[in-house]
Amino acid sequence: MLHTVLLILKILGILLAAILGILLLLGGIVLFVPARYEGAVRSEGDIRALRGKMKITWLMHFVRADICYKDGKMKWRVRVAWIKRTSGQVKEERIHEKEQKEEHEEDREAAAEIVEGKKEIPEEGQESRESCKEGMEALEKAESTGHETAAVAEGPQGDGKEREGDTGESKGVGGKLARFFEKIKAFFKKIKCTIQSVCDKIRLLLHKKDKLMEFVRDEVHVRAFKRTKREVFALIRRLKPKELSINVRYGFEDPCMTGQALAGLSMLYPFIGEHVDITPDFEERVLEGSILAKGKVYVYHFLILFWNLFWCRDVRTSYRHIRNFEF
């Protein structure tokens, strides 16, 4: 008996160890096997001549994605093992779904027309339709007769009300003036309420601004922002392409826009300055050159970012304050 129990425990231990080993293997594959990317963009003088392609692979091409841009159209293809999906297949499926939806709507409209009597129904139901029409006509005639009788009965009373209104108008000249002054008073009161509501909104916005500035300038939040900024820039350095080459000459119709774009691109120089050759053209509108990039992305880089931020007390405190923050 003891031998049987020990054998069952041994088998369960082997199974648990195998499952644990498989989970560790899958976790290691996800964390430490990189996703490789390779992209190229080229233009020959104009944005309309822009062409580009990109390839992303993972786990010895077990997963692969290809993206191509040409003549203003983008095409893509994704393959996971033997399963493939392309942009053309998705487009055909959407067209098929749209056609089915249109057919369904047409069927519903046809059914609604038959119910409302706008469309002919089969001959088998013509007799029932004619009997329904006769019943509806009889009901309409009865209702019209009842309305005419009610109008005749209410005629003298209505005349009496009109005469009473005439006498009221002859006596109510002062009442008209009173109502006119009441309307003017209500108009000025409405303007006063509007001005007061605008002032209240302005005071509320000023209060919100002061509260927001106080929240942002808090020492804990400032330290949390600096730590997050440092970790994000470290992640960008880790994700920097291993091979990069940028050789571009660009220009806009407005020289001011060309200068602004150059100022924005200058922010990339600390990271990729040695691989970049950007030439602005302030005289004509042009876009020509090429961009080549090749590198790897590891999942554990993002894990390091979240791990460091999670164990930072200032970041956790700021996160709780942001969730509970109210104006």
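The values are calculated or read from the model by the stated rules, or taken from the named source; none is laboratory data. Please read all numbers here as calculations on a predicted model, not as lab measurements. Cβ placement follows ideal geometry from the backbone for every residue including glycine, while neighbour counts extend to all protein chains displayed. Accessible surface areas use protein heavy atoms only, side chains included; no ligands, DNA or RNA. Shrake-Rupley method; radii C 1.70, N 1.55, O 1.52, S 1.80 Å.
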> Any idea which of ALA224, ALA261, ALA234 is out of contact with any Lys or Arg (no Cβ under 7 Å at 6 or more places or on another chain) and closer than 30 Å to VAL33 by Cβ?
Replying inline: ALA234
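Based on what the data block shows, is GLU284 open to solvent by 60 Å² or more (accessible area, probe 1.4 Å), assigned to a helix (DSSP H, G or I) and modelled with pLDDT under 90?
So GLU284 fails the test.
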> Can you name the residue in region 281-303 that is more than 29 Å from the chain's Cα centre (by Cα) and aliphatic (A, V, I, L, M) and, of all such residues, is farthest from ALA224 (Cα to Cα)?
Replying inline: VAL286
> Can you name the condition, by its number, that TYR319 falls short on among (1) hydroxyl-bearing (Ser, Thr, Tyr); (2) open to solvent by 40 Å² or more (accessible area, probe 1.4 Å); (3) assigned to a strand (DSSP E or B)?
Replying inline: (3)
> Which is open to solvent by less than 90 Å² (accessible area, probe 1.4 Å) and modelled with pLDDT of 90 or more, of VAL78, VAL90?
Replying inline: VAL78
> Hey, does region 254-267 have a residue that's open to solvent by less than 80 Å² (accessible area, probe 1.4 Å), part of a loop (DSSP other than H, G, I, E, B), of a type in the set (Asp, Glu) and at pLDDT below 90?
Replying inline: yes
> For region 238-253, which residues satisfy the criterion of being loosely packed, with under 14 Cβ neighbours inside 10 Å and either polar (S, T, N, Q) or under 21 Å from SER43 (Cβ atoms) (or both)?
Replying inline: GLU243, GLU253
>> Among the residues in region 227-237, are any touching a residue at least 24 places away in the same chain (Cβ under 8 Å), within 32 Å of the chain's Cα centre (by Cα), within 30 Å of TYR298 (Cα to Cα) and open to solvent by 70 Å² or more (accessible area, probe 1.4 Å)?
In response: yes
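Among the candidates GLY39, GLY88, GLY52, GLY27, single out the residue that is within 30 Å of GLU243 (Cβ to Cβ), part of a helix (DSSP H, G or I) and within 34 Å of the chain's Cα centre (by Cα).
On the way: GLY39 fails: part of a helix (DSSP H, G or I); GLY88 fails: within 30 Å of GLU243 (Cβ to Cβ); GLY52 fails: part of a helix (DSSP H, G or I).
Sole residue among the options that is within 30 Å of GLU243 (Cβ to Cβ), part of a helix (DSSP H, G or I) and within 34 Å of the chain's Cα centre (by Cα): GLY27.
Would you call ARG238 in contact with a His (Cβ under 8 Å, 6 or more places away or on another chain) and of a type outside the set (Phe, Trp, Tyr)? Give the steps one after another, and end with the answer.
Numbers: in contact with a His (Cβ under 8 Å, 6 or more places away or on another chain): yes; of a type outside the set (Phe, Trp, Tyr): yes.
When the stated conditions are applied, ARG238 passes them.
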> Is it the case that region 46-65 has a residue that's surrounded by 10 or more Cβ atoms within 10 Å (Cβ to Cβ), in contact with a Lys or Arg (Cβ under 6 Å, 6 or more places away or on another chain) and in contact (Cβ under 8 Å) with a residue 24 or more places away in the chain?
Replying inline: no
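Would you say GLU274 is over 30 Å from ASP46 (Cβ atoms), open to solvent by 80 Å² or more (accessible area, probe 1.4 Å) and not hydrophobic (A, V, I, L, M, F, W, C)? Let's see the steps before the verdict.
Numbers: over 30 Å from ASP46 (Cβ atoms): no; open to solvent by 80 Å² or more (accessible area, probe 1.4 Å): yes; not hydrophobic (A, V, I, L, M, F, W, C): yes.
Taking the combined requirement at face value, the residue does not satisfy it.
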